[in-house]
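The values are calculated or read from the model by the stated rules, or taken from the named source; none is laboratory data. This is a predicted model, so every value here is computed, not measured. Counting neighbours? That spans all protein chains shown, and the Cβs are built from the backbone with ideal geometry, glycine included. Surface accessibility is based on the protein's heavy atoms, side chains included, excluding ligands, DNA and RNA. Shrake-Rupley method; radii C 1.70, N 1.55, O 1.52, S 1.80 Å.
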Amino acid sequence: MPAPIIPHNATNGPIVKRQKRETALEKSSTPLVHRSKIFAPFRTVGLVSPTDVPFTSLPLGKTTFQISTSAGKSLQTYDLKRGLNLVFITRPQTPENITATLAWKKYVFAAWGGQDASSLRGAWLFQRGKKAAELELPRGLNENIIQLQVLGEWVMGCCATRIEVWKSATLEHYTTLQGASASGLSGCICTMPTYLNKIFVGRRDGSVEIWNLNTGKLLYTLLPPASDYGAVTALQPSTVISVLAIAYESGPVLLHDVRKDKEVIRLNVGGAVKAAVTSMSFRTDGLGAGEDGRKDGVMATASRENGDVTFWDLNQGGRKMGVLRGAHNPPPSASGGLGGGISKIEFLAGQSVLVSSGLDNSLKTWIFDETPFSPIPRILHARGGHSAPVSTLRFLPSSSDGTDDTGKWLLSGSRDRSLWSWSLRRDGQSTELSQGAIQNKAKKMGLLNGSASDSKVHSKLEDLKAPAITCIACSLNRDGGMGAMAGKTGIWNNEAHAKGSKKGVEVNMTGWESVVTGHAGDNRARTWFWGRKRAGRWAFETGDGTEVRSVAVSPCGTFALVGSAGGALDMYNLQSGIHRRRFPARLTPAEAKKLRLQELSADGNTLDLAVSGPQNFGKGQGKHKGAITGIAVDSLNRVVISCGEDGKVKFWDFTSGLLLHEIDWYPMTKILGLRYHRGSDLIALSCDDGSIRVVDIKTKKLIREMWTSSSSVQPQVIDYTFSNDGRWIISAASDSIIRVWDLPTGHLIDAMKLPQPCTTISISPTGEYLATAQEGEVGVSIWTNRTLFTHVSTRHISESEIAVITNPTVSGEGGETLIEAAAEEEVLDEAGIEETAVPVMDQLSAGITTLSLVPKARWQTLLHLDIIRTRNKPKEAPKPPEKAPFFLPSTTSSAATNQVQNTPAMSGSADTEALTSISVVAESQNQATRISSASARLASRSSAAASTSEFTRLLAQAQNTNTEDYAPLLSHLGSLPPSAADVAIRTLDTFPPFAELFTFIRALTWRLRERRDYELVQAWMSVFLKIHGDVIVKDEGLIRELRKWQEEAKRERERVGGLVGYSVGVVGWVRSAR
């Protein structure tokens, strides 16, 4: 074994810790890298199959299969036996997006690369979620690998113009296959069973080439039947030897005999335009074909241009068995923007199970029923997420039943017209809230029979779902869980048009809907059952028929409020669906006529009304003149707060619907949103001038204004929220920066800039997690809160201190959990100091009476020191200890016992001498113990004497100085323990001319004038009078000084008492019912 190489400057001995060098004053040319002080990236949820990279499957023994999908830069592995439960997420994540995957033996290959020719590229091997090895890439590879295959000892990777070959044993690059054809590769390669070292490659001109991997030579080329067939879109070997299935861009699918170079079957042809098949698979369990399903020969085809899966019976020339309509979402419509189509389908080996993944961010498994036989499978398992960018996020609030799932569930709405619930504890519990039997409705309407390329058909299919969600409100106090409703009921009905009586149904209810949503371009707010994870019964219409702009649910969970774009504000009962109230309250025709006359007469007296004071609003007055952008209900269901684009904040009486108060900011600004924190009774209002204004709903006063930027151009606030304790406001602006504002100080205490603008934001009720969604992303980013375990300064930060950070990853790599944040060391900034030091002040103001920092027990012990000494005095002489049991040796004889055990056996005089020496040792130990206790008492007395001498010295120093500076004397006396302070006061000189007594009284009087250490001064004077009272009464000078102290104490007592009485009166007046 070679010896280690030791550098020349190495020294012997322990390694010395490197010293910190002073580099704070040195200016560096590179920018400083900051990070968020409060939030740390944790992980991303909601990503199942968000890319067009096909999944890959791997049999795990004879019991289950593992299916791996690409989530951008990581692979996610699901276990089929566990119901597609997530078991692995690969780490580390790849530097660029994954372009191809392949499962082989115990490994999963992942090829990755960027869009540019100069981007990084590679191919890694993962085992059980961890990187195990990587393929050796050839030099000059400027194309991404778009498909991977393994054949025996060879690993093949298909690029745009060439095929790279590696050895599977050593992972070394072997050769590059590149033909002479001018047509590029279509990205389709496959192998054929029993064909050793042979690979089939599809090209854009429709030809299929056969290459020998060992020799690197082109063996043969299969030509298309016609030149207009287009490029090869899919290749798949069939279950019959030498038969290859070839799919073309124009739509036909050919089963070709490779040995004879002869077409066997041609499918998917006809007069109509057919979608190009991009994925094919053959069933390998020997069943599924024929009239009874007992024959072999089933093939499934799918396309990226629609969401259907077609099943073919290849017996007797081939026929279409059936079509699984709507297996995945169709592709985007002209005005949509949703993800759709099928990226891959695959029959599991030897199983009647089909796996499909779509571009709608979903992974599904389907199973075929044998009895009764059905050629079309049914759904077995499904995992999915949003197929369009997320538009709204809200954490579920805490419920009143005391469950421990607070902060666990997150609701998200998206432009794909879906509402998802995400579990932050167990990923398998995440699900989409049902909107009814959408597929059955589509089948009855015939929407699934046409091609998805028809934009009209696609638009009608999308219209079966509710429009995209724009706002969410929730309260779980009346949610009944899974048993909320008895029997079958319709969804999203209007109570006014409902038929029959609902009293019997309402009697059997254990709860009702707890979630209300508003939708884009729709005049109805919809309800949802959270416990049952499905759509509710009611759809609440706005009072004026315009679009819903804001919704709210009362804290009791019984009432829902809906605000419209026309300024109407209505309240509905969630249990019965009945319209309960309108804000302002409705008027009868006579009342409306009278109100109109009052308004006409008041037009000429506008100036008088403005001067007369606060305006009193009558019934029917106060309606918003613009869209209502925010609604809130206070904690006691007494006041409803609404805001609108008319620049007004209105406070309504919950019971009568009358307007109580109004805050008018028009035309200064428009109000775009409202957030309410129940614990502090504060509302935060976002305005179109880029500010967030905070109002106290009790006093109706503006208490804070937060501006997103100090420049003249203010970024627009997109979304914002209160923290769980109401101390912070967290906002996301159009400049991609998330800001954290501290309400008590009004400071911007933290900010982080994301790669893309944040569209919505929400924080959990426990404060553990922050959820964000970004523009163009279908996943939800989760951030952990460091302040649960660490301190964060409220120092205002500047624009240069804004942290530029990356998004959380799917695997959580580079993120921090709460435990890691708790164990994290504090990081110093470039100046070597973490935060600005807060000065310690003994007294805030000279006009405030201040207590001392001395513990309460110390000065109380000083007052009652005589009682404590009397109580602790022994009542009788100490008794010798009783004889201890034989198994508890005494400490005094331990040394002697050890000597006896260590001394060898003796006889006669030797034993006597040994016992004598042991007794001498014991006596010497007892004497040493008495000496040590006496020394301790002497040391205690000497320390008390030293304290007394120091007190005497400071007392003499105060006498000799002309200025009244008694601070050192009183500071030293306050630092003494009770017994030492008592000795110091007792040892004052009591002989004429009483200089020390005069000085001590003047010092206490001076301290009272300073209004500091109030309770200490009272305690010292009480002890002083108790000890030296007989001396003071005999001298007139001491009595005069004592009366000065008494007058000062009386004056201070009366001043403080008056202030306390005034404060108590003001508080009582504020709290009294008026």
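Overall, the ratio between the Cα radius of gyration of region 966-1074 and 2.2 N^0.38 Å, rounded to two decimals, is 1.36. In terms of its Cα atoms, region 271-384 spans 45, 37, 22 Å along the principal axes, sorted from long to short.
Shown is the FRET efficiency for K1044 and A956, computed with R0 = 30 Å from the Cβ-Cβ distance and rounded to the nearest 0.05: 0.85.
Summing +1 for each Lys or Arg and -1 for each Asp or Glu among the other residues whose beta-carbon sits under 14 angstrom from that of K73 gives +1. Distances between placed amide hydrogens fall under 5 Å for T759 paired with A773, Q774, E775, all partners being 5 or more residues away or on another chain. Straightening the chain between E172 and E964 buys 276.1 nm, computed as 0.36 nm per residue apart minus the Cα-Cα spacing.
How large is the accessible surface per residue of region 271-384, computed with a 1.4 Å probe and reported in Å² as a whole number?
Per residue, region 271-384 has an accessible area of 39 Å².
If you rank L47, L218, L587, L148 by how much accessible surface each has, with a 1.4 Å probe, what is the order from largest down?
Result of the area sort, largest leading: L218, L587, L47, L148.
Label zone of Q756 (point 7 Å out along Cα→Cβ, amide N under 16 Å): in region 89-122 this covers 97-98.
At full extension, D1035 and L595 could sit 149.8 nm farther apart than now, given 0.36 nm per residue minus the alpha carbon distance. Centre-to-centre, using Cα atoms only, region 980-1056 and region 705-727 are separated by 57 Å. Under a Cβ-Cβ cut-off of 12 Å, what is the net charge of the residues other than F368 that fall near it, where Lys and Arg count +1 and Asp and Glu count -1? Overall, the nearby charge balance is -1. Among the protein heavy atoms of region 271-384, carbon and sulfur supply 49% of the accessible surface, probe 1.4 Å, non-protein parts ignored. Heavy-atom accessible area with a 1.4 Å probe sorts D735, D750, largest first, into D735, D750. Accessible-area rank, largest first, for C474, C190: C474, C190, with all protein chains present and a 1.4 angstrom probe.
Please give the net charge around R549, taking every other residue with its beta carbon less than 13 angstrom from that of R549, where Lys and Arg add +1 and Asp and Glu add -1.
Its environment carries a net charge of -4.
Computed from label points 7 Å out along Cα-Cβ, the spacing between E136 and I379 is 4.9 nm.
A Förster radius of 51 Å, combined with the Cβ-Cβ distance separating H661 from A349, puts the computed FRET efficiency at roughly 0.10. Anything over 21 Å Cα to Cα? Flag those among K344/K444; K37/K753; K105/K130, in the order listed. The answer is K344/K444.
Label-to-label distance for L1025 and R580 is 6.4 nm, based on points extended 7 Å past Cα in the beta-carbon direction. The gain in end-to-end length when the K106 to E153 segment is fully stretched comes to 15.4 nm, 0.36 nm per residue minus the alpha carbon separation. Which lysines does K698 reach when only Cα atoms under 27 Å apart count, and residues fewer than 8 places away in its own chain are ignored? Correct list for K698: K619, K623, K625, K648, K650, K670. For region 234-292, the orientation-averaged shadow of the C-alpha convex hull comes to 5.0 nm² (one quarter of the hull surface).
Spin-label point model (7 Å from Cα, Cβ direction): what's the E775 to L1059 distance in nm? In this crude label model, E775 to L1059 measures out at 5.4 nm.
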